[in-house]
Every structure is written in C-alpha cells, then in structure tokens.
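To start, the structure under review is shown below, and the notes come after it.
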Amino acid sequence: MKKVIAAITLLAVSTSFAFAMGQKYFDKLDTNGDQFLSMEEYAVNLEKYFAKKNITDPADKKKKLTNGFNKKDLNGDGKLSLEELNTKSKKK
Ligand SMILES: [Ca+2]
Ligand SMILES: [Ca+2]
C-alpha cells in the first residue's frame, strides 16, 4: 500500500512539475508557511526532478538550482511566489 501511495505522489510531483504548480503542492514545499519558496525550499522540489533525471553531480545540481531559481524569480527578491512559479520564464 505504501508503494502505491509513493507512486501516486511521484506522479503528482512530476505532473505539477511539467504543468502548473498547485497551491496544495506549493504549501507542502513552503515549509515555513510564508507563501514564498526560498532557494532551500525550492531545492526540495528540484531534488525529486534530479532523482528522476539521474542527475547526481553536486556541481551540476547547484548550477541547475541557481539557474532555475533565478529564472523563476521574476522580481528578483530572492524568493518565489506561486505566481512566479506558474509564470513562463521570459527572456530578459
Ligand atoms: Ca517559505
Ligand atoms: Ca520573487
């Protein structure tokens, strides 16, 4: 039974990663509940993506995390709102 739940969770995670992030999933990542994701909180989300893509190199992970985070942080305040996460990245 636990395995089934894990599979469903994984599916939900990959779905929310590919499409829009839901408020529920956002709340789960937002561990301190300030309605923003810090880079640390965002990293938890990316770890699942890295595991799926078999990315294990710490330097590579860090680069992808920083790049991804900065791309998403549209107003540059160092944290991500749900709105920013669901906004398609624009070229600057
Ligand atoms: Ca937070
Ligand atoms: Ca921001």
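FYI, it's all coordinate maths here, none of it is from the lab. Everything numeric here is computed off the predicted structure, so don't read it as measured data. Backbone-built Cβ (ideal geometry, glycine too); neighbour counts: all protein chains shown.
Summing charges over all other residues whose Cβ lies under 14 Å from the Cβ of residue 53, with Lys and Arg as +1 and Asp and Glu as -1, gives +2. The fewest-to-most ranking of 56, 66 by surrounding Cβ atoms within 10 Å reads 56, 66.
A cut-off under 14 angstrom between Cβ atoms defines the neighbours of residue 29, and their net charge, with Lys, Arg +1 and Asp, Glu -1, is -2. Using the Karplus relation 6.51 cos²θ - 1.76 cosθ + 1.60 with θ = phi - 60°, the per-residue 3J(HN,Hα) values for region 42-59 come to 5, 4, 4, 5, 5, 4, 5, 5, 4, 4, 5, 8, 6, 8, 10, 5, x, 5 Hz, with x marking Gly and Pro. Backbone amide hydrogens, once placed in the peptide plane, bring residue 37 within less than 5 Å of 80, 81, excluding anything fewer than 5 places away on its chain. Calculated FRET efficiency, residue 70 to residue 34, Cβ-Cβ distance, R0 = 22 Å: about 0.70 to the nearest 0.05.
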